[in-house]
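The values are calculated or read from the model by the stated rules, or taken from the named source; none is laboratory data. Please read these numbers as outputs of a predicted model, since none were measured by experiment. We place every Cβ from the backbone using ideal geometry, glycine too, and count neighbours over all the protein chains shown.
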Amino acid sequence: MLAILVGSGGVVALFYGANALVERFAPGRLKGRILPWVYLAPALLLLVAYLVIPTVLTVYVSLLDARSQSFVGFSNYISLFADPSMGEAFRNNIFWLVGVTGVSVSLGLLIAVLADRVGYEPLPKTLIFLPMAISFVGASVIWKFIYAFRPAGTAQIGLLNGVITSLGFEPVGWLVERSLNNFALIAIMIWLQTGFCMVLLSAAVKGIPQEMIEAARIDGANEVQIFWRIVVPMIRSTILVVSTTTVLLVLKVFDIVYVMTAGNQGTEVIASRMFKEMFSFRHYGRGSAIAVMLLLAVIPIMVVNIREFRQPTTR
Amino acid sequence: MPRLARTPIHLALITLSLLWTLPSLGLLISSIRPPADVLSSGWWTVFQHPFEFTQYSLENYRAVLGAAGMGQALLNSFTIAIPATVMPIAIAAFAAYALAWMEFPGRQWLFLAIVTLLVVPLQMTFIPLLRAYRDLGLTGTFAGVWLAHTGYSLPLGIYLLTNYIRALPQDLIEAAAVDGATHLKIFTRVIVPLSMPAIASFAVFQFLWVWNDLLVALVFLGGTPTVAPLTITLTNLVGSRGQDWHLLTAGAFVTMTVPLLVFFALQRYFVRGLLAGSVKG
């Protein structure tokens with residue numbers, strides 16, 4: 001309790017104190033020059049300490065050895081590319097990118113368009129958006145329970161195995177089976193992300209002028225043609241934004257894999273791999289190299305995202 | 001469209017809604033069933049006689065909040081999330097006012113530089129910060145996590161608030177300045193009240209982001225139970241009591257209650273905050 005007060009109140013007090021000092025002691029003209037920097041100082045200090053300096057240092061550390069004692073050039077990067085488990089992480093991450101982005105964007109669009117045509121639109125939209133409030137950890141527990149596995153012959157408590165055993169099949173270890181477990185994890189992210197896609201796409205769909213659609217209908221276009229020839233092109237830019245946002249999120253996916261499988265049984269992704277390099281192997285050089293690769297992958301996508309969309313959202 | 005042609009639409013929507021709700025429903029029902037039942041039969045069996053109230057109990061919640069340590073973790077989550085929301089808002093709002101309405105050289109350039117920092121993934125910063133934290137003794141302290149969350153959220157916060165504050169009507173601010181108001185007065189009496197919608201959206205987004213965060217807490221707090229938030233405690237529970245579904249389901253629901261309350265109470269700001277902040281980290 002006390003900690004909360006100190007932490008929250010301290011910052012506000014800091015600004016008032018600094019402002020009072022400048023108001024009292026700085027002469028008139030100087031005051032106008034100093035005050036902006038007083039307001040900016042805490043922000044700049046934190047940005048430099050938490051983002052700018054660490055980023056530069058990480059690039060540097062990625063060129064050093066495990067304990068950051070000697071310079072090794074690009075050998076961390078080379079050994080990562082040669083490492084089969086890193087290859088697996090890359091493959092899985094691409095798998096995630098295609099699976100989550102493809103399914104959640106198209107499903108989100110489908111729901112947005114369908115819900116637009118019924119009288120009870122808010123209800124399905126709320127239910128599908130709701131998982132966005134749940135943490136990745138919470139969602140992981142929810143789904144781990146769905147995937148729960150009991151040997152054949154005992155009562156199944158996981159929903160999925162409950163369904164398939166009642167249909168007469170053998171129960172499946174969804175998180176252990178190497179051909180299935182990545183799909184099982186990707187499904188969680190789709191469950192979380194579809195609502196986000198749906199909300200943005202639904203707003204865009206509602207922005208299409210109704211006359212345009214009426215005109216197409218009078219010209220004899222059917223619903224499918226209207227969807228592909230009018231709706232999709234009209235909301236192209238929103239689709240791009242929703243996709244890039246999802247890609248950015250998935251590139252850095254960590255919690256789900258960490259909680260569900262800890263990256264075992266062939267489910268490693270880039271971010272979970274980095275965590276292992278940092279905390280299990282204590283190899284800071286390779287950990288940093290992975291971070292740098294992540295940054296390089298994020299930059300182009302972020303540029304597209306910011307250029308396409310940043311202005312409309314901030315209104 | 002003719003009435004009949006709509007049947008597939010209704011069917012699709014109902015199926016999808018059910019599919020999206022079932023996972024959470026299963027969790028909620030399991031969390032209020034006695035341990036022996038949870039472990040011996042599927043949660044859907046309660047629907048055979050749903051109104052037999054003896055099959056429900058809150059025992060799991062008592063166990064999980066007490067012995068399993070989720071009660072302490074709940075307090076820790078608040079202790080982390082509240083200052084980690086207030087601090088960035090205060091700092092970003094002052095900075096945004098300076099960037100939007102104060103004259104100083106290099107203003108545009110500075111704003112651009114801050115926005116550019118949006119691209120930095122958190123992972124880029126962990127190793128150097130972790131070392132610095134160890135040297136400064138900040139590892140495992142609340143202050144360390146507050147500062148980290150604050151630093152990480154500033155590019156987004158400054159970006160959003162500057163854009164909003166810059167778009168406020170110039171007349172209002174000039175009128176206040178003519179009346180002799182100091183910058184601090186203009187900021188607290190004019191800017192902050194008018195920017196409340198943007199501040200609220202950012203606050204909701206930031207609070208939920210911190211509340212639901214696992215990675216930053218793991219890196220900077222480690223696993224010490226006295227400071228661990230709900231996300232870490234629940235993760236540890238999955239590791240140590242992975243088959244005790246009565247505890248895991250109740251524990252997961254405890255972590256979800258606050259975000260769900262925020263969702264239902266502040267849905268408008270929630271949606272706006274999520275949309276604006278979705279690219280973070």
Next on the checklist: Quick check on my filter: what residues within the stretch A:16-49 are under 37 Å from the mean Cα position of the chain (by Cα), crowded, with 18+ Cβ neighbours inside 10 Å and facing chain B (nearest Cβ under 7 Å)?
Outcome noted: A:36, A:39, A:40, A:42, A:43, A:46, A:47
Item to check | residue A:109 at pLDDT 90 or above, out of contact with any Asp or Glu (no Cβ under 9 Å at 6 or more places or on another chain) and closer than 26 Å to residue A:213 by Cα | outcome: yes
Next on the checklist: Can you list residue pairs whose Cβ atoms sit under 6 Å apart, with the first residue in the stretch B:54-66 being farther than 15 Å from residue B:230 by Cα and the second being surrounded by 17 or more Cβ atoms within 10 Å (Cβ to Cβ) and among the small types (Gly, Ala, Ser)? Count only pairs 6 or more apart in sequence or on different chains.
Outcome noted: B:60/B:31; B:60/B:250
Checklist entry - Does residue A:307 satisfy the condition of being buried (at least 21 other Cβ atoms within 10 Å of the Cβ) and either in contact with a Leu (Cβ under 6 Å, 6 or more places away or on another chain) or more than 8 Å from chain B (Cβ to nearest Cβ) (or both)? => result no
Item to check | Boolean, residue B:30 is within 12 Å of chain A (Cβ to nearest Cβ), in a helix (DSSP H, G or I) and touching a residue at least 12 places away in the same chain (Cβ under 8 Å) | outcome: yes
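Using the structure shown, decide if residue B:111 is free of Cβ contacts under 8 Å to residues at least 60 places away in the same chain and outside any helix (DSSP H, G or I).
No: the conditions fail for residue B:111.
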Checklist entry - Within the stretch B:23-45, is there a residue that is surrounded by fewer than 23 Cβ atoms within 10 Å (Cβ to Cβ) and closer than 30 Å to residue A:41 by Cβ? => result no
Item to check | Count of residues meeting criterion [of a type outside the set (Ser, Thr, Tyr) and either within 27 Å of the chain's Cα centre (by Cα) or at positive phi (or both)] in the stretch A:136-157 | outcome: 12
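One line per residue, one yes/no per condition, for (1) more than 26 Å from residue A:271 (Cα to Cα); (2) at pLDDT below 90; (3) in the same structural domain as residue A:243 (by TED's automatic domain parsing):
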residue: A:89; (1), (2), (3): no, no, yes
residue: A:102; (1), (2), (3): no, no, yes
residue: A:121; (1), (2), (3): yes, yes, yes
residue: A:133; (1), (2), (3): no, yes, yes
Checklist entry - Is one or more of the residues making up the stretch A:204-216 crowded, with 22+ Cβ neighbours inside 10 Å, under 30 Å from residue A:232 (Cβ atoms) and either in contact with a Leu (Cβ under 7 Å, 6 or more places away or on another chain) or away from chain B (no Cβ under 13 Å) (or both)? => result no
Checklist entry - Which pairs have Cβ atoms under 8 Å, sit 6 or more apart or on different chains, and link a residue in the stretch B:182-202 that is among the basic types (Lys, Arg) to one that is buried (at least 16 other Cβ atoms within 10 Å of the Cβ) and not in a helix (DSSP H, G or I)? => result B:189/B:181
Checklist outcome for this item: For residue B:187, the lone unmet condition from (1) within 11 Å of chain A (Cβ to nearest Cβ); (2) at pLDDT 90 or above; (3) under 30 Å from residue A:16 (Cα atoms); (4) touching a Ser or Thr at 6+ places or on another chain (Cβ under 9 Å) is (4)
Next on the checklist: I need the helices (runs of 4 or more DSSP H) fully contained in the stretch B:39-105, keeping only those with at least 1 residues that are within 7 Å of chain A (Cβ to nearest Cβ).
Outcome noted: B:70-81, B:83-101
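Tell me, please, whether a residue that is assigned to a helix (DSSP H, G or I), free of Cβ contacts under 8 Å to residues at least 24 places away in the same chain, in contact with a helix residue (DSSP H, G or I) (Cβ under 9 Å, 6 or more places away or on another chain) and surrounded by 20 or more Cβ atoms within 10 Å (Cβ to Cβ) can be found in the stretch A:162-180. Show your work before the answer.
In the first step, residues of the stretch A:162-180 are kept if they are assigned to a helix (DSSP H, G or I); the result is A:162-166.
Okay, now just the ones that are also free of Cβ contacts under 8 Å to residues at least 24 places away in the same chain, so A:162-166.
From what is left, the residues that are in contact with a helix residue (DSSP H, G or I) (Cβ under 9 Å, 6 or more places away or on another chain) are A:162.
Restricting the remaining residues to those that are surrounded by 20 or more Cβ atoms within 10 Å (Cβ to Cβ) gives A:162.
Checking the stretch A:162-180: at least one residue is assigned to a helix (DSSP H, G or I), free of Cβ contacts under 8 Å to residues at least 24 places away in the same chain, in contact with a helix residue (DSSP H, G or I) (Cβ under 9 Å, 6 or more places away or on another chain) and surrounded by 20 or more Cβ atoms within 10 Å (Cβ to Cβ).
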Checklist entry - In the stretch B:6-27, is there at least one residue being at the interface with another protein chain (Cβ under 10 Å from one of its Cβ atoms), of a type in the set (Lys, Arg) and out of contact with any Pro (no Cβ under 6 Å at 6 or more places or on another chain)? => result yes
Checklist outcome for this item: Selection over the stretch B:221-236 where residues are buried (at least 24 other Cβ atoms within 10 Å of the Cβ) and either more than 7 Å from every other protein chain (Cβ to nearest Cβ) or under 13 Å from the mean Cα position of the chain (by Cα) (or both) yields a count of 5
Checklist outcome for this item: residue A:239 passes all but one of the listed conditions (1) crowded, with 17+ Cβ neighbours inside 10 Å; (2) within 11 Å of chain B (Cβ to nearest Cβ); (3) β-branched (Val, Ile, Thr); the exception is number (2)
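Output the helices (runs of 4 or more DSSP H) that fall wholly within the stretch A:50-148 and possess 2 or more residues being within 11 Å of another protein chain (Cβ to nearest Cβ) and free of Cβ contacts under 8 Å to residues at least 60 places away in the same chain, or say none.
Details: elements: A:53-61, A:75-82, A:84-115, A:122-129, A:136-146.
Here the list reads A:53-61, A:84-115, A:122-129, A:136-146.
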Checklist entry - Give me the pairs: first residue in the stretch B:135-164 and touching a residue at least 60 places away in the same chain (Cβ under 8 Å) and facing another protein chain (nearest Cβ under 7 Å), second residue surrounded by fewer than 20 Cβ atoms within 10 Å (Cβ to Cβ) and among the aliphatic types (A, V, I, L, M), beta-carbon distance under 7 Å, and six or more apart or on different chains, which are they? => result B:142/A:3
